[in-house]
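See structure below.
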Amino acid sequence: MIKFINVSKKYDKGIIALSNINFEIESGEFVFIVGPSGAGKSTLIKLLLKEEEPTSGTIIVNKKDITKMKRKEIPYLRRSMGVVFQDFRLLPNKTVFENVAFAMEVVGAHPKEIRRKVPMVLSLVGLSDKADQYPQQLSGGEQQRVALARAIVNEPSILIADEPTGNLDPDTSWEIVKLMAEINKRGTTVVMATHAKDIVDAMKKRVIALEKGNIVRDEARGVYGYAL
Amino acid sequence: MDMLFRNFRYFIKEGFSNLARNRLMTVASVTSVMAALVILGMFLLIILNVNHMAYQVESQLELKAFLKDDLSGEQIQRIGEEIKGIDGVSSVVFESKEQALEKFKKQLGEKSYLLEGLEKDNPLPQSYIVKVKDANLIKDIADEIKGINGVDKVSYGQDVVEKLLGIIRIIRIVGLAIISILFVISIVIISNTIKLGVFARRREINIMKYIGATDWFIRWPFLIEGIVLGLLGALLSVGVLALMYGYTLDYVNSRLIVFNLLPLSDVIKDMALYFALLGSLIGAIGSGLSIKRFLNV
């Protein structure tokens, strides 16, 4: 599903964000990417979304070499991946319903399909009763659930989350992660970059640990493994 | 097809909602574009009329070879043949003393009584009216005709013609330069307006990119916004120009008789069409330029 082969990323000022990274994620896996700040987690996510180009190496997503992908194909790559960020990134002038519907409008879905699908996804994330509210009327956890709904409404094969619980309290964080586990159970591959030690330790999922741009650990039922 | 249509509805809705959101900027930039296009249009009208004038001058270009009075019919015939033989001459017409007087009377109109009694002792010379194929050849041909035996004088208003052609050339060059500058200014005006809209929505654009929107999906609403701005400015300016040109025509036609200006109906129809195209083009380029930077995510 996702394969990094000898991937390195150097930034302009000679900073090495990733050096010679190799790993493979199978379809249906739930993977935590952990490591201290500056270890290369964000860079890894950015490479996956083709927001940045690797300096060398090959990245394969859904059997396609995305490093050789043309600019025109990038939108279609991103449609195969749902993304959730630490800062939610919702549109403030659109309601919850419209925010989720927007993701479907962008890919040209039929209005009928939008009216059928959005309520379904909102009920999955438990926000059916907030459909007409605006993001600023919601709590952080609710906003992140809207973002999750938006990320999965087009049924992507991969869900990518970059510190999705970074702005949330522990209880709310758990709700989000449980929701992601639920989405994973339905067949979506989940890649989550995180700092949340408790969550990683409790979930007992695969853990890829980065340090200074290198993979220092890759365990099938891993723990966070860093002192706080 | 269905999807394209749905998208297009979205683009138009978004494009117009941008315009409505920045109402003040919309009015300001439509007005600025209109002002720029009015000036541009004024120069365009001047150039069109100058071209029209140049055409009139060139088509009216003829020289007159006045003949001596004491020539026999045969000699007159021979001179005519000789002039016809010169390179660049397109037609030669003989004008007798009587015809010349008749023409003069016509020109004087009501005051033709001044010429009464001249029929018996006609002072006007007989002449050949020579038309040339190219205005630039007129001087050489005149010189050649002057050398023919029996030709008294050749006139073609050389000073006037040369000065006029010179002025026409300068007006064309200056006019085109000013039109180009105003074209660029209009693009900048629209580009700045769109930039505000793009900047206000950069978060939204960023999110759209992550969701998998294509560049064109993001670009269209802004393009439509720019085209509407350009088109509105262009159409308003055509209205202003039509009014201004109408007044100018009334003014000029009541005074000047040497040249007639192009009639309003001829000019304004073409102008409306070209300005609509020009306005859309300006708008499209302006918005295309301002959004480019924000698409690289």
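The values are calculated or read from the model by the stated rules, or taken from the named source; none is laboratory data. In this text the structure is predicted, and so the values were computed from the model without any measurement. Quick reminder, even Gly has a Cβ in these numbers, built from the backbone with ideal geometry, and neighbours come from all protein chains shown. Heads up: the accessible areas ignore ligands, DNA and RNA and are worked out on the full protein's heavy atoms, side chains in. Shrake-Rupley method; radii C 1.70, N 1.55, O 1.52, S 1.80 Å.
Annotations for the structure displayed:
- Subset of the stretch A:51-68 that is part of a loop (DSSP other than H, G, I, E, B) and away from chain B (no Cβ under 13 Å) - its residue that is least open to solvent (accessible area, probe 1.4 Å): A:Pro54
- None of B:Asn253, B:Asn296, B:Asn260 is farther than 22 Å from B:Phe43 by Cβ and surrounded by fewer than 16 Cβ atoms within 10 Å (Cβ to Cβ) except B:Asn296.
- Only listed residue being within 14 Å of another protein chain (Cβ to nearest Cβ), under 30 Å from B:Gly239 (Cβ atoms) and surrounded by 19 or more Cβ atoms within 10 Å (Cβ to Cβ), chosen from B:Asn49, B:Asn18: B:Asn18
- Only residues that are assigned to a loop (DSSP other than H, G, I, E, B) and open to solvent by 100 Å² or more (accessible area, probe 1.4 Å) were counted across the stretch B:82-117, and they come to 2.
- Qualifying residue in the stretch A:105-118 (condition: in a helix (DSSP H, G or I), within 14 Å of chain B (Cβ to nearest Cβ), surrounded by 21 or more Cβ atoms within 10 Å (Cβ to Cβ) and at pLDDT below 95): yes
- Filter result for A:Phe102 (aromatic (Phe, Trp, Tyr), more than 8 Å from chain B (Cβ to nearest Cβ) and either within 29 Å of A:Thr165 (Cβ to Cβ) or touching a Phe, Trp or Tyr at 6+ places or on another chain (Cβ under 6 Å) (or both)): no
- Verdict on B:Thr26 being part of a helix (DSSP H, G or I), buried (at least 18 other Cβ atoms within 10 Å of the Cβ) and β-branched (Val, Ile, Thr): yes
- Sole residue being in contact with a strand residue (DSSP E or B) (Cβ under 6 Å, 6 or more places away or on another chain), within 10 Å of chain B (Cβ to nearest Cβ) and of a type in the set (A, V, I, L, M, F, W, C), chosen from A:Phe85, A:Phe32: A:Phe85
- The stretch B:118-133 - residue that is open to solvent by 60 Å² or more (accessible area, probe 1.4 Å) and outside any strand (DSSP E or B) and, of those, nearest to B:Asp152 (Cα to Cα): B:Pro123
- Candidate set from the stretch A:167-181 (those that are more than 14 Å from A:Val84 (Cβ to Cβ) and of a type in the set (Asp, Glu)); member that is surrounded by the most Cβ atoms within 10 Å (Cβ to Cβ): A:Asp169
- Residue in the stretch B:155-176 that is farther than 22 Å from B:Val57 by Cα and loosely packed, with under 14 Cβ neighbours inside 10 Å present: no
- Output for the stretch B:58-81, where each listed residue is surrounded by 19 or more Cβ atoms within 10 Å (Cβ to Cβ) and part of a helix (DSSP H, G or I): B:Ile79
- Against the conditions (1) within 14 Å of another protein chain (Cβ to nearest Cβ); (2) open to solvent by 70 Å² or more (accessible area, probe 1.4 Å), B:Tyr247 satisfies every one except (1).
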